[in-house]
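**Student:** Structure below; questions to follow.
Just so it is clear, none of the values below were taken in a lab; they were calculated from the coordinates. Since the structure is predicted, the reported quantities are computational estimates derived from the model, not experimental observations. All Cβ positions, even for glycine, are placed from backbone atoms using ideal geometry, and neighbour counts span all protein chains on display.
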Amino acid sequence: MKDCTPNLIIAEYRFTFTARDHLTLPLFSDPLRRSVFGLALHQQSCITPDADCADCMLGHQCDFAFFIKGLRPPEARMMRKVGTVPLPHIFHSDQCGAASIAPGGLFTHGLVLAGAACKRLSAVIRAMEKSGQLGFGSDRAKAELIQVSQVLPGSQRLLRDRQGEVQEGVMEPMPVPPAPAALRLQFVTPYLPSDTSFRPETLEISRLLMAVIRRVSLLQYFYMGCPLEADFRALKECAAQSEVIGIALRLHKTTCWSARQGRAVEFRGFLGTVDFTPAEPELFWPFLYLGQWLHIGKQASKGFGRYQLLER
């Protein structure tokens, strides 16, 4: 099989806030953070608040439509039967457990941007500032953005501090370590499969592998401007030869606050581990490795479907 190494560039950022009010963050709080971020983007970007983004003449230039609506470019050759494409941002915070933060305490948002989204970092920073002013959760706990940094291998690069000076981020391919022979994939936030009838005991590792590859492929096409050069039929056949060693997934229900709807919304997903041995590990490893920052499944941009890879 010919080489099909992905060319997707992603960048990981940390937005540090100081709490003005007492703030309670729920278990898996990224959906809450993303909800306020979306509301802030809408308020700072939209010139016709009551219009449908798909009908707006600025739909493909607007930051809100770009990050939150994912309108499909009319000239795109992929996903022609749908009007939206995968979103170029993923909330990816370090804090997954519940937390209580007193006034003056610090907390951070983690955010991953793909390809062209990195060039809109200034708009993201403004929206993060506004999200702190809008407040988080049903109590609208206020916070102030005090620092922005980019996470790099082994270090962090300060991009903005209290003085408000913004430096350029680094856009470089992420280094990928050597592939292990056997893997444990651990979902650390709920995985929401597209198939509503999904049952852990029926999990097909080939479908999981191809879902990761498809996600990388689509993000690369829409936000890097270059398709993944791959024989997807051959990849699928190879993925089907991968061996599942053990599955330990459990259903988890979580409730997230929607800033747009002004109410709590319930989600159901799966947490736990999948142990497997991929056929031709070197072939799938770059996609699986990148997928740790991109997440998989439904609502990935809100922080769901985040996994980490462990060597068995």
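**Student:** So, in Å, what gap is there between the alpha-carbon centers of region 241-282 and region 105-172?
**Tutor:** So the separation of the two Cα centres works out to 27 Å.
**Student:** Now for a different question. Whose amide H sits under 5 Å from the amide H of Phe136, counting only residues 5 or more places off or on another chain, with H placed in the peptide plane?
**Tutor:** Amide H to amide H, under 5 Å and 5 or more residues apart or across chains, Phe136 pairs with Ala141, Lys142.
**Student:** Now, a different point. Connecting C-alpha atoms closer than 10 Å in a GNM of the chain, tell me which of Arg157, Arg263, Arg34 has the biggest fluctuation.
**Tutor:** Evaluated over the chain, the most mobile residue of the options is Arg263.
**Student:** Can you compute the FRET efficiency between Asn7 and Ala102 using 1/(1 + (r/R0)^6), with r the Cβ-Cβ distance and R0 = 35 Å? Round to the nearest 0.05.
**Tutor:** The value I calculate is 0.20.
**Student:** Among Lys69/Lys298; Lys69/Lys142; Lys81/Lys298; Lys69/Lys119; Lys142/Lys253; Lys130/Lys298, which pairs are too far apart, with a Cα-Cα distance over 23 Å?
**Tutor:** Too far apart for the 23 Å limit: Lys69/Lys142; Lys142/Lys253; Lys130/Lys298.
**Student:** Additional query: How would you order 133-140, 10-17 from highest to lowest mean count of nearby Cβ atoms within 10 Å?
**Tutor:** Result, highest mean first: 10-17, 133-140.
**Student:** Right, next: Using the alpha-carbon atoms, what tilt in degrees (0 to 90, nearest 10) does helix 205-224 show relative to the longest principal axis of the chain?
**Tutor:** Its long axis makes an angle of about 50 degrees.
**Student:** Would you kindly state how much longer the chain becomes between Glu204 and Asp231 on full extension, computed as 0.36 nm times their sequence separation minus their alpha carbon distance, in nm to one decimal?
**Tutor:** Roughly 7.7 nm would be gained on extension.
**Student:** Cα gyration tensor of region 208-312, axes a ≥ b ≥ c as square roots of the eigenvalues: rounded (a/c below 1.5), prolate (a/b > b/c) or oblate?
**Tutor:** Oblate is the answer for region 208-312, as a/c is 1.5 or above yet b/c matches or exceeds a/b.
**Student:** Modelling each spin label as a point 7 Å along the Cα-to-Cβ direction, I'd like the Val244/Arg80 distance in nm, to one decimal.
**Tutor:** 3.5
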